[in-house]
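For reference, the structure discussed in these notes is given below.
The values are calculated or read from the model by the stated rules, or taken from the named source; none is laboratory data. A quick note: this is a predicted structure, and the numbers were derived from the prediction, not measured. Ideal geometry is used to build each Cβ from the backbone, glycine not excepted, and the neighbour counts take in all protein chains shown. Heavy atoms of the whole protein, side chains included, go into the accessibility calculation; ligands, DNA and RNA do not. Shrake-Rupley method; radii C 1.70, N 1.55, O 1.52, S 1.80 Å.
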Amino acid sequence: AQTVTQSQPEMSVQEAETVTLSCTYDTSESDYYLFWYKQPPSRQMILVIRQEAYKQQNATENRFSVNFQKAAKSFSLKISDSQLGDAAMYFCAYRSGYNQGGKLIFGQGTELSVKP
Amino acid sequence: DVKVTQSSRYLVKRTGEKVFLECVQDMDHENMFWYRQDPGLGLRLIYFSYDVKMKEKGDIPEGYSVSREKKERFSLILESASTNQTSMYLCASSWGSGNQPQHFGDGTRLSIL
């Protein structure tokens, strides 16, 4: 069975600085997708960024980028120029390319605080 | 924008009650999901459905059942609520699989007394 591990329960960053959130996963599959979701306090969970396993190029969305190391099964999220609105719980998630229905397997989450 | 609506933000019920959590999506998504979110455990899948009247167990289905009579609506049922089912419940929907994201509702914080 696949597992996703986020080893940092809490992280803190100074406004305008850069922070990296870690995520590792375990799978024997070759076809899969990885996601980072953001859950602001008392607000809806939203997609931050996604990565297809077959793509070597790291995904980027504005200030958010990933470092996808397929051999190491690592999928870290880098937030550049951190803003107060980035404060949230961040979840890493895995989706198999083989299962019907597209269910996600989530990590435990990392709570990010941003200091002004 | 996709809208996933959960019927209640906060709900308080008593032990032994039958509890219904409702979720409606407006984007004709095939797939719908119910997760439970607990501190330190992330989100755990309870049940999901990839078509009307189709359902599959997730990782923690015990004590729960689901119903999907219409494509847009997915209900989670706690047959006989217990205190260990006090949690945040999140509904999500998605179109297809692959890199298609799941879209989440606001969540229902359920307390069982």
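Odds and ends about this structure:
- Total charge dipole magnitude, region A:3-115, about the Cα centre, Cβ charges on Lys, Arg, Asp, Glu only, Debye to nearest 20: 220
- Counting only trypsin sites (Lys or Arg not before Pro) that DSSP places in a loop and that have at most 12 other Cβ atoms within 10 Å, the longest clean stretch of chain B runs over B:54-113.
- With 21 Å as the limit on Cα-Cα distance, the pairs of A:38/B:57; A:70/B:57; A:55/B:57; B:18/B:57; A:38/B:3; A:38/A:115 that go past it are A:38/B:57; A:70/B:57; A:55/B:57.
- Where B:80, B:111 fall by accessible area, highest first, once all protein chains stay in place (1.4 Å): B:80, B:111
- Length gained on full extension, residue B:3 to residue B:113: 36.5 nm, using 0.36 nm per residue less the C-alpha separation.
- Nearest-20 debye value, chain B charge dipole, Cβ charges on Lys, Arg, Asp, Glu: 300
- Computed on protein heavy atoms with a 1.4 Å probe, the accessible areas place A:29, B:62, B:56, A:111 in the order B:62, A:111, B:56, A:29, largest first.
- Dipole check for the protein assembly as shown: with +1 at the C-beta of Lys and Arg, -1 at the C-beta of Asp and Glu, and the Cα centre as origin, the magnitude is about 320 Debye.
- Compactness index (Cα Rg / 2.2 N^0.38 Å), chain B: 0.99
- Positive-end residue, the protein assembly as shown charge dipole about Cα centroid, Cβ charges, pick of A:94, B:24, B:66: B:66
- Chain B, accessible surface, carbon-and-sulfur percent (1.4 angstrom probe): 48
- Sorted from longest to shortest, the spans of the Cα atoms of the protein assembly as shown along the three principal axes equal 49, 39, 32 Å.
- Note: relative contact order over chain A, using C-alpha pairs below 8 Å and six or more positions apart, is 37 percent.
- Cα lying deepest toward the dipole's positive end in chain A, options A:64, A:113, A:3, charges on Cβ: A:3
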